[in-house]
Amino acid sequence: MNTENIISQSRARFAHEANRRLLKEKYEAKMLFAYQGGMWRAGPELLSTINFCRITNDAEVVLLDLYENPIKVNTKELWNLAAARWQEQMNAWHQEFEESRKNR
């Protein structure tokens, strides 16, 4: 096998992995949002916590935000904001990831 070919393949693989890490950092930062004076990160953990509170019919609950401040929130409003942010950013992340994968 050609040495230059092996080197170029390994560089392309390294660039792809670096790009994946950059995309992850970029979109994780975009998951942050403010609500009721607290800072929240949209994601499965927050969504499932809110879902549990909604199942128990609690319209308002006190949750800890990212900075561990207790914040009284409306579960329906927070769930709608978090779910919309999560889905929007995950779709954008997926689209950008697929484009970078095609370029590899």
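Determine whether segment 41-54 contains at least one residue that is surrounded by 11 or more Cβ atoms within 10 Å (Cβ to Cβ), in contact (Cβ under 8 Å) with a residue 40 or more places away in the chain and part of a helix (DSSP H, G or I). No; the residues of segment 41-54 include none that is surrounded by 11 or more Cβ atoms within 10 Å (Cβ to Cβ), in contact (Cβ under 8 Å) with a residue 40 or more places away in the chain and part of a helix (DSSP H, G or I). I'm trying to understand the selection: among the residues of segment 81-104, which are surrounded by fewer than 11 Cβ atoms within 10 Å (Cβ to Cβ) and assigned to a helix (DSSP H, G or I)? Asn91, Gln95, Glu98, Glu99, Lys102, Asn103 - these are the residues of segment 81-104 that are surrounded by fewer than 11 Cβ atoms within 10 Å (Cβ to Cβ) and assigned to a helix (DSSP H, G or I). The set of residues in segment 59-104 that are within 30 Å of His16 (Cβ to Cβ), modelled with pLDDT under 95 and charged (D, E, K, R) comprises Glu96, Glu98, Glu99, Arg101, Lys102, Arg104.
Table: residues versus (1) surrounded by 13 or more Cβ atoms within 10 Å (Cβ to Cβ); (2) in contact with an Asp or Glu (Cβ under 8 Å, 6 or more places away or on another chain); (3) not in a loop (DSSP other than H, G, I, E, B).
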site: His16; (1), (2), (3): yes, no, yes
site: Lys24; (1), (2), (3): no, no, yes
site: Glu28; (1), (2), (3): yes, no, yes
site: Ala34; (1), (2), (3): no, no, yes
site: Leu63; (1), (2), (3): yes, no, yes
site: Tyr67; (1), (2), (3): no, no, no
site: Val73; (1), (2), (3): yes, yes, yes
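The values are calculated or read from the model by the stated rules, or taken from the named source; none is laboratory data. Predicted, not measured: the structure shown is a model, and the values here were computed from it. Note: ideal-geometry Cβ built from the backbone for every residue, glycine included; neighbour counts use all protein chains shown.
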